[in-house]
Amino acid sequence: MSLTFHWFLPTNGDSRHVVGGGHGTPATAFGRNRPPTVAYLSQIARAAEDLGFVGALTPTGAWCEDAWLTTAMVSQHTERLKFLVAFRPGFVSPTLAAQMASTFQRQTGGRLLLNVVTGGESHEQRAYGDFLDKDARYRRTGEFLQIVRDLWEGKTVDLSGEHLQVEDARLARVPDPVPEVYFGGSSPIAGEIAARHVDVYLTWGEPPAQVAEKIAWVRGLAAQQGRTVRFGIRLHVITRDTAEQAWTEAHKLLDGFDPDTVKSVQAGLARSESEGQRRMLALHGGNREDLEIHPNLWAGIGLVRGGAGTALVGSHDEVAERIKEYHALGIDEFVLSGYPHLEEAYWFGEGVLPRLAAQGLWQHPFAPTSAPAAQVPFTS
């Protein structure tokens with residue numbers, strides 16, 4: 001099976017420096033270097049589409065632009081790229097969400113993917129009027145996905161749950177195709193929700209041994225439900241013609257981390273209720289030293305950014321090898337990003353993807369197999 005790659009739309013702003021934010025922390029000032037205008041985000045989206053990325057993830061939260069509205073606008077400037085829209089079930093009714101997804105599919109020609117984010121930070125949830133605790137939010141997510149999936153199947157839904165209640169709910173038009181559901185979470189209840197409801201389980205970029213444990217955990221839970229799920233991983237990338245060039249770029253990013261900003265961000269993230277965020281913090285411990293935690297896996301991004309905090313750093317050949325290592329564990333989808341997102345999409349798309357194509361692990365989803373993308377470019 002050909003590997004699937006997605007890119008990222010930085011709706012919190014972009015820069016040649018790392019733009020922080022997420023998990024209750026605000027976007028850093030670098031996000032103003034390239035504001036997240038529809039014009040700029042569309043430029044990134046078109047580049048990703050041309051290079052062979054299948055979709056583009058957009059984040060959700062108070063620190064970024066709204067994902068639904070932004071992707072709806074950017075979709076009109078692209079032709080084939082799908083949009084992995086992150087949204088939080090507690091902020092909209094399940095019937096309305098199912099209807100929104102159905103509309104999105106019709107208006108874009110079936111280019112919606114859904115990234116369900118339960119919400120790991122109670123203080124941020126409360127700002128939106130959501131006062132449930134973390135476990136209750138996950139239970140609500142389960143009810144939400146049950147309703148949405150039944151509606152997408154054309155059923156009339158009556159449900160009186162612990163947190164959600166609908167009566168005689170149905171859609172006038174069901175989505176075609178039905179959007180795939182992506183989901184991540186490292187707590188026990190998150191695994192239960194993934195096993196019952198999702199198509200693709202996403203993990204942040206932990207070392208391969210830890211990723212293997214997660215895959216085995218979710219795969220086992222899904223088997224108990226008589227289901228199978230696919231697996232994806234969320235990573236940043238810094239890939240260049242040589243390893244030296246890539247690490248020079250990583251160190252340049254690290255040099256741009258103001259010590260006071262690192263201290264402030266780490267203090268904020270330490271209060272996070274997210275088990276996944278806790279695991280990210282444990283990879284670097286707030287320390288600027290020894291950040292290569294596995295060959296070519298660098299934890300420096302997590303010093304100033306919440307959520308995904310690791311990057312694959314190295315030559316194009318080295319990054320391709322790390323991707324193959326994760327794929328051998330069971331990872332089929334890679335959700336990637338890099339600073340700045342426009343330029344880094346080209347570094348990866350023109351440097352790594354052709355090498356994977358030459359090994360039969362990837363093919364351009366929008367071009368014939370004999371297209372030039374399958375040729376490894378000359379590098380000095």
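The values are calculated or read from the model by the stated rules, or taken from the named source; none is laboratory data. Quantities reported herein were computed from a predicted structural model and do not represent experimental measurements. Ideal geometry is used to build each Cβ from the backbone, glycine not excepted, and the neighbour counts take in all protein chains shown. Heavy atoms of the whole protein, side chains included, go into the accessibility calculation; ligands, DNA and RNA do not. Shrake-Rupley method; radii C 1.70, N 1.55, O 1.52, S 1.80 Å.
A few remarks follow.
- Positive minus negative residues near V178 (Lys, Arg vs Asp, Glu; Cβ under 11 Å): -3
- Placing a label point 7 Å from the Cα of Q225 along the Cα-to-Cβ direction, the residues of region 138-155 with a backbone N closer than 11 Å are 142-143, 145-146.
- By the compact-protein rule of thumb, 2.2 N^0.38 Å, the alpha-carbon radius of gyration of region 67-121 corresponds to a ratio of 1.13.
- Length added when fully stretched, Y346-D133, from 0.36 nm per residue minus Cα-Cα: 72.5 nm
- A 1.4 Å probe run over region 279-342, with the rest of the protein chains in place, finds 28 Å² accessible per residue.
- Positive-end ranking of A311, L51, T248 along the dipole of the chain, with charges on Cβ about the Cα centre, is headed by L51.
- Within region 1-130, percent of DSSP bridges classed antiparallel, to nearest 5: 15 percent
- If the chain linking Q245 and E289 were pulled fully straight, counting 0.36 nm for each residue of separation and taking away their Cα-Cα distance, it would gain 13.9 nm.
- Heavy-atom accessible surface of the chain: percent carbon and sulfur, 1.4 Å: 50 percent
- If the segment from T103 to Q165 were pulled out straight at 0.36 nm per residue, it would be longer than the present Cα-Cα gap by 20.1 nm.
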